[in-house]
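Have a look at the structure below, then the notes.
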Amino acid sequence: MAVRTAEQYRVQLRQLLPQGPAWDLERVPELANVLAGLSVELSRVDARIVALSAEMDPAYVTELVPDWERVMGLPDSCLGDSPSFGDRQLSVRQRLTAIGAQTPAYFILIAKGQGYPNATITQNRAPRFGRSRFGKTHFGTWRVQFMWTLNTGGRQRVGRRFGVSYWGERFGVNPGSALECLIRRYAPAHTVVYINYS
């Protein structure tokens with residue numbers, strides 16, 4: 001949706017003027033000032049309408065983040081006491097579009113959403129007759145059959161760096177605290193999760 005400029009509105013208002021001497025811009029020059037004032041206001045209202053329609057989509061929300069958070073039960077306790085504005089926008093988008101599952105692909109998706117694009121999952125299995133093969137890895141004792149490991153795959157793609165971060169961002173915090181909280185919240189209750197920050 002394109003925003004019309006004040007000049008476009010002024011031209012449109014001139015074309016919409018009725019016929020007659022009372023509406024002739026040469027006889028009544030004050031009318032041009034009125035049309036100029038109206039066109040500026042109409043352009044401002046048009047821009048606000050476009051901005052409001054962008055606020056309805058959580059992918060573009062900026063001004064109404066607090067309202068979206070109130071409706072969705074955010075901010076999330078996993079993000080800490082004072083999450084950044086970008087994290088708050090991301091959590092609104094994720095809360096609205098999340099489907100949820102208890103599959104490895106879902107937990108990899110959570111890790112990617114927290115900034116770990118190369119995340120993988122290692123599942124351990126207990127040795128069972130007919131399933132165990134000589135030389136196969138990831139088999140352990142009976143105790144590890146409900147354990148799995150999330151491998152983050154290296155450093156986050158976004159992080160706090162000198163010269164790049166803005167004033168007020170904290171340095172030296174554990175970047176995976178939100179990841180650990182989310183993974184442990186949605187992990188199946190009978191499993192034990194280990195997170196490997198490689």
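Observations on the model:
- Local charge for Cys78 was computed over the other residues whose Cβ lies under 12 Å away, with Lys and Arg +1 and Asp and Glu -1, and equals -1.
- Residue order, fewest to most beta carbons within 10 Å, for Val45, Val50: Val45, Val50
- Among Tyr9, Tyr194, Tyr106, sorting on how many other beta-carbon atoms sit within 10 Å of each Cβ, with the fewest leading, yields Tyr194, Tyr106, Tyr9.
- The distance between label points at Ala47 and Thr103 comes to 4.6 nm (points 7 Å beyond Cα on the Cα→Cβ vector).
- Each of the peptides 22-33, 67-78 was scored by the mean count of other Cβ atoms within 10 Å over its residues; in descending order, highest first, they stand as 67-78, 22-33.
Every number here is computed from the coordinates shown, using simple stated rules; none is lab data. All values derive from a computational prediction rather than experimental measurement. Cβ atoms come from the backbone with ideal geometry, glycine included; neighbour counts cover every protein chain shown.
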